[in-house]
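Inspection log for the structure reproduced underneath, given as structure tokens.
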């Protein structure tokens, strides 16, 4: 199996033993993103909305580095410290995705790295025109 490691300076550098994304053929596995600002590596933690926007921006940057966009995401996993933010999450997600929406899971967890309120990872499938 041949795999390509995806890296961009427009998303936070990996803070552990992982890659921002891994591409195998036309499938890209996007690692979990928390609301780190890629320029400062500081947390964007002003509010749940600010964190969520930063996470989507980070995922978008990695998707673009892999040759796609958020519209190519087929599965999105969302981890939240408080499911009480679910309605706000849906509203914000609608700003980044159009139909057909990706398959999705949203679960509440006890804690996330660096005290984040939200983390997301996903799987992206590139169409033939993105395949290289």
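Have a look at 46, 51 and point out the one that is closer than 25 Å to residue 94 by Cβ and at pLDDT below 95.
46
For every residue, the table says whether it meets (1) surrounded by fewer than 18 Cβ atoms within 10 Å (Cβ to Cβ); (2) free of Cβ contacts under 8 Å to residues at least 40 places away in the same chain; (3) touching a helix residue (DSSP H, G or I) at 6+ places or on another chain (Cβ under 9 Å).
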{"position": "63", "(1), (2), (3)": "no, no, yes"}
{"position": "77", "(1), (2), (3)": "yes, no, no"}
{"position": "91", "(1), (2), (3)": "yes, yes, yes"}
{"position": "98", "(1), (2), (3)": "yes, yes, yes"}
{"position": "103", "(1), (2), (3)": "yes, yes, no"}
{"position": "107", "(1), (2), (3)": "yes, yes, yes"}
{"position": "114", "(1), (2), (3)": "yes, no, no"}
{"position": "119", "(1), (2), (3)": "no, no, yes"}
{"position": "125", "(1), (2), (3)": "yes, no, yes"}
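Only one residue in 50, 14 is in a loop (DSSP other than H, G, I, E, B), surrounded by fewer than 19 Cβ atoms within 10 Å (Cβ to Cβ) and either without any contact (Cβ under 8 Å) to a residue 24 or more places away in the chain or at positive phi (or both), so which one is that? I'd like the intermediate steps shown before the answer.
Values: 50 fails: in a loop (DSSP other than H, G, I, E, B).
The conditions single out 14.
The values are calculated or read from the model by the stated rules, or taken from the named source; none is laboratory data. The structure displayed is predicted, hence computed values, not measured ones. Every residue, glycine as well, gets a Cβ built from its backbone with ideal geometry; the counts of neighbours run over all protein chains shown.
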